Amino acid sequence: MPDLQNQIEDLRRKLHDLPEDADPAVINELEREARALLTDAKNTPYESAAQALFAEVARASGPTSSVSTTIRGLLRRARIRIEIAGDDDDIDEAIDILAEALALDPQNEDVIEMLDNAAQSNPQAAQRVNDLFNRYNVTRGSASQSTAFSISLEEEEPTNPSAPPRDAGLLRDVSRTTGSMSPVSYPTSSGYPAPERELRGEKPPGGRRTPGQGPIYVGSDIDETLSELTQAYYAGDYQLVVDLANRVLNQQPGNATALEYRQKAEDSIIRGVVPDHRIPFDARVSYNRANSLVRAGNYDEAERLYREARDIAERSGILSWKDAEQALLDIQDLALARELLNEGDRLMASDNWADAMRKYEGALRVVPNDPQAEERIEKVRRIQQDAESASVQLTTLGGSLSEQAAQLQNVLSVLARLRQLLPNSQRLAQLSSEANNRLNGIKTQLNDQAQAALTRANSATTLDDRLTMTSEALALLEQGVKLDPGDSAMSQMLLDARAASSDMQRAKQVIERAAALIAQNFDNDLVQARSMLSSLMDYAQDSRYRAVVGDLLTRYLERAITAVEEGDVEEAEALIQSTREEPFNILGRRAEVARVENSIRALRQRSRLRLWGIIGGSLLIIALVVIGKRGTWEPIVFPPPTDTPTATHTPSETPTPSDTPTPSDTPTATYTPTATFTPSDTPTATYTPTDTHTPTDTPLPTETFTPTATPEYLCQVVNISGENRIVRSQPTVNSARVGELPPGRLANVLEVRRNDQGELWYFLVFEIDGIQENGWTRANNVTEAQGSCPTV
C-alpha cells in the first residue's frame, strides 16, 4: 500500500513538473502510467486518489483540437479499411487515408503504427509506406518495432454524443470501497489531499498539515460559496465549480454538495460538455442545418457545416465542443459506410459476392443498425445460399427423368428469382444456361422413351399390354410438354397418345359389354354383340377379344345346328354366312362350321330331290290331263280349214287403197290382184280366231314373272368406314331410321337424289342375314365399288 501511494505522488510530481509546451508523447506516457495505477488501486483506499490523478492527467493533455479530431476520424476509417480488406484495393485506400493523417501530424504514433501494420500486407504496400516515412522524415521507433495491433471497432469512441467516454466511468462510484475497509473514501480533485485524511486525522505525506485544514467545521461563507458553486455549474463554468468545491472541501472535507458538484463538473470537463447557451447562435444554426443534411443523405455538405460550426465555437472561446466533434466523427462514419456500400454494389455487379459481403459488413460495423447495410447483407446471404443450393442440385441430379425434371424446374425458378435481384449477373446466367441445357437433354430423353413405348404398344398383342405401354408413353409425353409447351411435335404425339389410350379404354369396355350380352344368349343381344365386336377389328390379336368372338361363334353355330335339325335351310345358311364375315373371320376356318355346312348341304340335296320329284309328278299329271283333254284343245290349237268363199270378198269393199277397212258388197274383177291380201284378214273374216284369242289375253305369265325380276341398279357402293352407316326412310337427316349398312357390305344404288339442302343421297338395296333392306343414305357415307354413280 505505501508503494502505491508513493507511485501516485511521484506521478503527480511529474505532472506538476511538466512545462506548458510539453511533448504530447510525454503526456501520453504519463496517461498510460496513470491508467496502470488506477487499475492497481482498484478497491483500495487509494482508488479515489488514483482517479483524481487520472482526471488531472486527462486535463493536462488539453482539450481535443480540430486536428486531433480529424486524425482520429481518419484513423477510424483506415482501421475499418484494413479490417475488412477483401483485396489490395482496400489496403491502398487505407494507406491513402493514413497519408492524409500523417500530413496533419507526422509524429502521431497511432498513425505510424497503423502504417506499419498496413505495410505487412504486401510488398507494394510496404514500398508505399516507406515512401511516406521518407517524405515526412518519420523515424521508426517503438511503434515500428511493436507487434501488430489488434483492430477492433469496439475499442473506438462511442458514436452517441450523450454517452460518456471510456474513462468517464472511472470517475464514478468514487465512494466505493472494499467490504473489509470500514472508513469511507471520498473523491478529490487534483492538487488537493484526499478529504478522508482530515476525517481520520491523518497527516499528509511529509508529516505536516496544510495550513487552514483541520477537522470538520461550519464556516460563515460556506453557504454563499455553495450558492455561487451551484450558479457556476448551471452557467456551464465547470472549472470555477471545481475551484469553489475545493475551497468548500478545504474547510469542510465531508460536504456532500461540494463533492457531488465537483464530481459532475470534472466529468463534464473530461467529456467536453458545453451548455447550449454558451454555443454561439451562428454555430448552432450551422450545426442544426448539418443535422438536416445528414438526414437527407448529403454527407459532404453536412461535414462542411459541422466544421464551420466547430470553427465558430472555437473563435468564441469554446475549444472543445464534443457535440460538433462527435458529429464530425459520425458524418465521417456515414460517408465511409456509404462508400463501402457503393463498393459492395460494384462487387455484386461483378459477381464477387464474398468481397461484397465484407464491404457490407464493414459498413454495418461503421454505422450499426444501418437499414441499407442490413438489407444488402441479407440480400447477399440469400443470393449466396440460393446460388450454392442451385449449383449443388445441378451437380447432384438423380432419380427418374421426371424427378430430375422437377429438380431442374426448381433450380430454374430459384435462378429466375435471383436474376430479378441481379439481372446482369454472368454467374447466374451461366447457371441458368446449364440448367436449360440439362432440361433440354431430359426432354429429348423423354421424347425418345415415349416413342419407344408407343412402338412397343403398337407391336403388343394383348389389349392390356398396349394400354399399359400407352399410359407410360402418355405420362412421359405430358412431362415433356410440361417442360417445353412450345414443342408442336411432342404436343401432337401427346394428343395422339391420349386418343389411343381413350380408344383402348373404350374397346376394353366394349369387349366386356359384348361378353355380357353373349352370356344372356338372346337373339337381339347376339346381333348387338356382333355389331360391337365388328367395330373392334384393330384389336383382333387380343386374347380376350378372340375368346369373346369364339363364344359368339359358338352361339351362332348352336342356332345353325338347331335350324338344320328343324329343316330351316334358309336360316341355317344365313347363320353360316354370318360366320364367314366379321368378326368371325379372325378365327379362321373352323371344323364346327364345316360340319354344319355339310349338314346344310345334305339337307339341301334332300330338299332338291324332293322338289324334283314333286315337279316330275306334277308334269306327269299335267301330261295325262293334256292327253285326256286332247279333243278339247286340239281344234283350238290346230283349227281345220274352211270352204266359205265369201270370206275372200271382204277386202273388195274398198275400191282403192284406203285406211277405211269397211267391207264392200260390190265385186269388181279389177280387184283380183288384191285378193292376195285375204290371208292377212282371215282372223277378222271369221269368228273362230276371236274365240281362240281368249287364252292369249291371259296375263298370268306376265304376272308370275314380276316378283322374280331383279331391278336394274345404277351403280354399286360399299361401306369401308369400319362402322355401321345409318339408312333412313327419306333423303333427310330428320327422317326415320330404317336400318344400318354394316362395314364392308356391298349395296346396289337404285336412285340418286339431292334434297333441299343440296346433299346427294343414294337409295340402297342390300341384304343382311338373308333379309333384304333398303333405304336412303348420304353419298359421303359410302364409296363407289362398281360402276359410276350419276351426279344429280
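The values are calculated or read from the model by the stated rules, or taken from the named source; none is laboratory data. Being a predicted model, the structure only gives us computed values, none of them experimental. Backbone-built Cβ (ideal geometry, glycine too); neighbour counts: all protein chains shown. SASA here: full protein model, heavy atoms, side chains in, ligands and nucleic acids out. Shrake-Rupley method; radii C 1.70, N 1.55, O 1.52, S 1.80 Å.
Here are a few things to note about the model shown:
- All positions within segment 410-439 that are touching a residue at least 24 places away in the same chain (Cβ under 8 Å) and open to solvent by 80 Å² or more (accessible area, probe 1.4 Å): 417, 424, 426, 427, 438
- Search result, residues across segment 383-409 that are among the charged types (D, E, K, R) and in contact (Cβ under 8 Å) with a residue 24 or more places away in the chain: 386
- Condition check for residue 476: of a type in the set (A, V, I, L, M) and open to solvent by less than 40 Å² (accessible area, probe 1.4 Å): yes
- Matching residues in segment 384-438 - criterion: being in a loop (DSSP other than H, G, I, E, B) and farther than 25 Å from residue 350 by Cβ: 396, 397, 398, 399, 400
Residue-by-condition table, conditions (1) open to solvent by 40 Å² or more (accessible area, probe 1.4 Å); (2) aliphatic (A, V, I, L, M); (3) touching a Phe, Trp or Tyr at 6+ places or on another chain (Cβ under 6 Å):
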site: 491; (1), (2), (3): no, no, no
site: 500; (1), (2), (3): no, yes, no
site: 503; (1), (2), (3): yes, no, no
site: 548; (1), (2), (3): no, yes, no
site: 552; (1), (2), (3): no, yes, no
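- The listed residue being out of contact with any Cys (no Cβ under 6 Å at 6 or more places or on another chain) and under 30 Å from residue 505 (Cβ atoms), out of 582, 565: 582
- In segment 227-261, the residues that are β-branched (Val, Ile, Thr) and surrounded by fewer than 22 Cβ atoms within 10 Å (Cβ to Cβ): 230, 257
- Residue 78 vs. criteria modelled with pLDDT of 80 or more and over 53 Å from the mean Cα position of the chain (by Cα): no
- Helices (runs of 4 or more DSSP H) contained in segment 465-582 and holding at least 1 residues of a type outside the set (Ser, Thr, Tyr) and under 27 Å from residue 447 (Cβ atoms): 488-520
- Hits in segment 558-594 - residues which are open to solvent by 60 Å² or more (accessible area, probe 1.4 Å), within 60 Å of the chain's Cα centre (by Cα) and not acidic (Asp, Glu): 580, 585
- When the residues of segment 726-770 are filtered to those that are outside any loop (DSSP other than H, G, I, E, B) and free of Cβ contacts under 8 Å to residues at least 12 places away in the same chain, the one that is least open to solvent (accessible area, probe 1.4 Å) is 767.
- Residue tally, condition among the acidic types (Asp, Glu) and either at positive phi or in contact with a helix residue (DSSP H, G or I) (Cβ under 7 Å, 6 or more places away or on another chain) (or both), over segment 447-478: 2
- Every condition in (1) open to solvent by 40 Å² or more (accessible area, probe 1.4 Å); (2) farther than 26 Å from residue 395 by Cα is met by residue 449 except one, and the failing one is (2).
- Among the conditions (1) farther than 24 Å from residue 395 by Cα; (2) under 21 Å from the mean Cα position of the chain (by Cα), the only one that residue 458 does not satisfy is (2).
- Residue within segment 461-471 that is hydrophobic (A, V, I, L, M, F, W, C), modelled with pLDDT of 90 or more and buried (at least 18 other Cβ atoms within 10 Å of the Cβ) present: yes
- Scan of segment 6-43 for residues that are under 24 Å from residue 263 (Cβ atoms), modelled with pLDDT of 80 or more and polar (S, T, N, Q), ordered by number: 7
- Restricted to segment 350-367, and to residues there that are open to solvent by 60 Å² or more (accessible area, probe 1.4 Å) and touching a residue at least 24 places away in the same chain (Cβ under 8 Å), the residue that is nearest to residue 93 (Cα to Cα) is 358.
- Some residue of segment 369-379 being more than 40 Å from the chain's Cα centre (by Cα) and in contact (Cβ under 8 Å) with a residue 24 or more places away in the chain: no
- When restricted to residues that are of a type outside the set (Gly, Ala, Ser) and touching a Pro at 6+ places or on another chain (Cβ under 8 Å), segment 235-261 contains 3.
- Residue ranges of helices (runs of 4 or more DSSP H) in segment 280-380 with at least 1 members among the hydroxyl-bearing types (Ser, Thr, Tyr) and at pLDDT below 85: 281-296, 299-315
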